[in-house]
Structure formats: structure tokens, C-alpha cells
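The values are calculated or read from the model by the stated rules, or taken from the named source; none is laboratory data. None of the values given here were measured: they were computed from a predicted structure. Heads up, the Cβs are rebuilt from the backbone with ideal geometry, glycines too, and the neighbour counts pull from every protein chain shown.
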DNA sequence: CCTTATCGTAAGCCATAACTTACCGTAAGT
DNA sequence: ACTTACGGTAAGTTATGGCTTACGATAAGG
């Protein structure tokens, strides 16, 4: 549904890399931040974007926040892309049809 | 393979919309440009990005260039996303395993 | 040839977004 | 209560990228 947010969320390299880290292993913010050359607030901002895109979700554990994958965002992109195979083939068939009519 | 270029190519709204138009129907540059509120050179630049991401390919017809869908880029994104289901599940299982060991 | 149509590229401008430092709130430990 | 750990948010800076105008290159048509 919100495939646009999910796609632009994964467009940024460090944010995509962050998402991959979370996919490998759910983790908290500080622990994720020290795996990147950017500051912790930068990671927080990236996580906010990923969360709004429904690519990750949080699980609160005391003062820590464990981020883990949310499959909703991934599914949104996937179904968006799947829509193209049908559409593309349909449009291509229609185009052949049209060219035949225009002989 | 080059999923990163494909993803960031589809991140821009007008470029994604342009890609959708081409998916509906292969078309030349000028004809595509007049369907958008931006200038023709802007469309050319978008097409260049889409082409480098292997989302579209060109077919030269005289002085015109017919742009049509290239499925390589779509396939690249799709397989990148598919890689996550396995990885995510594997990582999740590994996490459970780890927590058990840490009892 | 000369003109016209079509399109790519270069240079520059401007808006957005990624990053930094600084600050604040909250939860847990002593 | 005080301190410490953890992390979100605000404000400001900088870099990236999308847009425009101007120009050049090529193919078709008369």
C-alpha cells in the first residue's frame, strides 16, 4: 500500500545497510550505531524513516529499544513490482494488437 | 545484481511515474515529456537514470528513441527482496537459538 | 544543402535530505 | 534522590539530486 515510502527508504545506502543489519539480527540503537561511521542520532533518524515505511518495528525492553524487521514494507514493494509483470505483458500485447490494426 | 541503482531510480516520484507510463506503452521522449509538468531535458535525464538501472531500454527509430521496459532491473530488486525472507527467518531462528543458549 | 524534428549533454540554481552538535526525557541501578 | 545508560528530537550545516535554460549532434524531408 505504502510502497513509495518503503522504496525511498531503501534508496539511501546507509539506511539500506542498516536495514540489512537489523534483518540479520534484531538489535538496539546504540549497538547498531557503533557498526556505522555516522553518529547515533543519525541512526535514530534513519530508524524513524524505516519505521514509517513499515520496514522495521520496535520492541521496548526497559530503556532499550530493540528494532526488528517488519515484513509489511517488504511485501508492499514486492506486490508493487509484481503488478508490473502483468501490466507490462498486457501492455505489450496491446501494443502488438495496435500495430497490427495500424498495419 | 545492480539492485541499488534500480531501487534509487524508482525512489523519485516523477521518475517512477515515468517508468509506469513506459510500462503501459513504449513511447518516445517528446511524447512522454508532454505527459509531465517538467521539461523534456528533465525527462531525458530521468530516462538515463532508468536506463543505467536497467529498468528501461531504448530502440532507435530514425531520429526518435522508443523507450520500453527492461525486466532486468525489476528482477534485480525482486531477488534482492526475496533474499530477505530467507535471511530474516534464518536470523530470527538463530536469535531464538542464541537466547536459548544464553538462557 | 538547408531546414526541421528529435534528443542528449553541460552549467547553474534551488529544494530536499542526510549529517552534526546540543539538549531533553525516561528507565534502571545504587 | 542521584547518577548513569539509552535514545528521541531540535536546530543548523552541507551535500546531493532534480529542475531549468542553453547548446550541440544527428537523422529525415524538401
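Structural remarks
- Filter result for residue B:49 (within 12 Å of DNA strand D (Cβ to nearest atom) and touching a helix residue (DSSP H, G or I) at 6+ places or on another chain (Cβ under 6 Å)): yes
- Residue under evaluation residue B:6, criteria (1) crowded, with 19+ Cβ neighbours inside 10 Å; (2) more than 13 Å from chain A (Cβ to nearest Cβ), criterion not met: (2)
- Entry remark, the stretch B:1-15: residues being over 21 Å from residue B:82 (Cβ atoms) and free of Cβ contacts under 8 Å to residues at least 12 places away in the same chain number 1 in total.
- Every residue from the stretch A:62-80 that is part of a loop (DSSP other than H, G, I, E, B) and either within 15 Å of DNA strand C (Cβ to nearest atom) or away from chain B (no Cβ under 13 Å) (or both): A:62, A:63
- Matching entry among A:59, A:54, A:35 (being more than 14 Å from chain B (Cβ to nearest Cβ), outside any helix (DSSP H, G or I), modelled with pLDDT of 95 or more and more than 8 Å from DNA strand C (Cβ to nearest atom)): A:35
- Filtering the stretch A:55-70 to residues that are closer than 18 Å to residue A:40 by Cβ and surrounded by fewer than 18 Cβ atoms within 10 Å (Cβ to Cβ) leaves A:58, A:60, A:61, A:62, A:63, A:64, A:65, A:66.
- Residue list for the stretch B:16-46, filter: within 12 Å of DNA strand D (Cβ to nearest atom) and in contact with a strand residue (DSSP E or B) (Cβ under 7 Å, 6 or more places away or on another chain): B:29
- With respect to the conditions (1) within 13 Å of chain A (Cβ to nearest Cβ); (2) modelled with pLDDT of 95 or more; (3) away from DNA strand C (no atom under 11 Å from the Cβ), residue B:86 lacks only one, and its number is (2).
Every residue, every condition in (1) under 15 Å from residue A:81 (Cβ atoms); (2) under 17 Å from the mean Cα position of the chain (by Cα), yes or no:
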{"position": "B:19", "(1), (2)": "yes, yes"}
{"position": "B:25", "(1), (2)": "no, yes"}
{"position": "B:28", "(1), (2)": "no, no"}
{"position": "B:42", "(1), (2)": "no, no"}
{"position": "B:45", "(1), (2)": "no, yes"}
{"position": "B:62", "(1), (2)": "no, no"}
{"position": "B:70", "(1), (2)": "yes, yes"}
{"position": "B:79", "(1), (2)": "yes, yes"}
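- Some residue of the stretch A:41-50 being under 18 Å from residue B:4 (Cα atoms) and without any contact (Cβ under 8 Å) to a residue 40 or more places away in the chain: yes
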